[in-house]
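J.: Can you read through this structure? Questions will come right after.
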Amino acid sequence: MLSRLALLLITFTLAGCKSNDAPDWEYVHPELRPYYEDFLRLVGDRADKGETVYIQFSTNLPQNVLGVAFGMDSNVTHIQINGQRWLRMTSYQRRMTMYHELAHDLLDWKHDNGTVLMTKGMPRYVDQTTINTITKELKNGW
């Protein structure tokens, strides 16, 4: 674990601008991979993955944090998803959480940019209509 953290810190330090080329190193947790791949299909070549992609679950995030995108505005994609909260989310909430964090890291979208996807915090109710809205936002570049 410590060696992975050291690798990521070195990568962050050496990171320059992002690139949409294939990353040099990629790990995406198998349960999170379908969301990642769907997201990439939606945004196409606008996705800047960077040199390193690391997307995994974490048990160290605060209870009220669903996920964190550490690679925003850098040459890496590093996302951690709260594993305990994930287990209690609906499939719609999971998709929204992953798309939200991926939009931070791969598109450099910031909170409250005028989209439903980037509002802070999970909306009280997320359903297929919500997913349709955020899918359109991603396809159209908001």
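J.: Please give the strands (runs of 3 or more DSSP E) falling wholly within segment 18-121 in which 1 or more residues are closer than 20 Å to Trp142 by Cα. Steps first, please.
T.: Numbers: elements: 25-28, 52-58, 67-69, 76-82.
Correct list: 67-69.
J.: Read through the list (1) at pLDDT 95 or above; (2) surrounded by fewer than 17 Cβ atoms within 10 Å (Cβ to Cβ), then give the number of the only condition that Met1 fails.
T.: Every listed condition holds for Met1 apart from (1).
J.: List every residue pair whose Cβ atoms lie under 8 Å apart, where the two residues are 6 or more positions apart in sequence or sit on different chains, the first residue falls within segment 116-128 and is of a type in the set (A, V, I, L, M, F, W, C), and the second residue, located anywhere, is open to solvent by 60 Å² or more (accessible area, probe 1.4 Å).
T.: Qualifying pairs under 8 Å: Met118/Lys110; Met118/His111; Met118/Asp112; Val126/Thr90; Val126/Tyr92.
J.: Another question, then. Taking the condition of being at pLDDT below 95, open to solvent by 70 Å² or more (accessible area, probe 1.4 Å), out of contact with any Asp or Glu (no Cβ under 6 Å at 6 or more places or on another chain) and over 22 Å from Thr119 (Cα atoms), how many residues in segment 39-67 meet it?
T.: Total meeting the criteria: 3.
J.: Among the residues of segment 28-38, how many are open to solvent by 40 Å² or more (accessible area, probe 1.4 Å) and not charged (D, E, K, R)?
T.: Qualifying residue count, segment 28-38: 3.
J.: Let me ask something else. Identify all residues within segment 68-91 that are surrounded by fewer than 16 Cβ atoms within 10 Å (Cβ to Cβ), in contact (Cβ under 8 Å) with a residue 12 or more places away in the chain and out of contact with any Phe, Trp or Tyr (no Cβ under 8 Å at 6 or more places or on another chain); write none if there are none. Explain how you work it out, then say what you get.
T.: Restricting attention to segment 68-91, the residues satisfying the condition of being surrounded by fewer than 16 Cβ atoms within 10 Å (Cβ to Cβ) are 73, 83-84, 87-88, 90-91.
When the remaining residues are screened for being in contact (Cβ under 8 Å) with a residue 12 or more places away in the chain, the result is 73, 83-84, 90.
Across segment 68-91, the qualifying residues are Asp73, Gln84, Thr90.
J.: Before we move on, is Asn140 open to solvent by 80 Å² or more (accessible area, probe 1.4 Å) and not aliphatic (A, V, I, L, M)?
T.: Numbers: open to solvent by 80 Å² or more (accessible area, probe 1.4 Å): yes; not aliphatic (A, V, I, L, M): yes.
Judged against the criteria, Asn140 is a match.
J.: Within segment 114-132, restricting attention to residues that are surrounded by 13 or more Cβ atoms within 10 Å (Cβ to Cβ) and either over 19 Å from Leu66 (Cα atoms) or among the hydroxyl-bearing types (Ser, Thr, Tyr) (or both), which residue is farthest from the chain's Cα centre (by Cα)? Let's see the steps before the verdict.
T.: First, pick out the residues of segment 114-132 that are surrounded by 13 or more Cβ atoms within 10 Å (Cβ to Cβ): 115-119, 122, 126, 130-131.
Next cut, either over 19 Å from Leu66 (Cα atoms) or among the hydroxyl-bearing types (Ser, Thr, Tyr) (or both) only: 115, 119, 130.
Numbers: Thr115: 16, Thr119: 14, Thr130: 18 Å.
Residue satisfying both the conditions and the ranking: Thr130.
The values are calculated or read from the model by the stated rules, or taken from the named source; none is laboratory data. Small disclaimer: the values here were computed from a predicted structure and weren't measured. Neighbour counts run over all protein chains shown; Cβ positions are idealised from the backbone, glycine included. Surface accessibility is based on the protein's heavy atoms, side chains included, excluding ligands, DNA and RNA. Shrake-Rupley method; radii C 1.70, N 1.55, O 1.52, S 1.80 Å.
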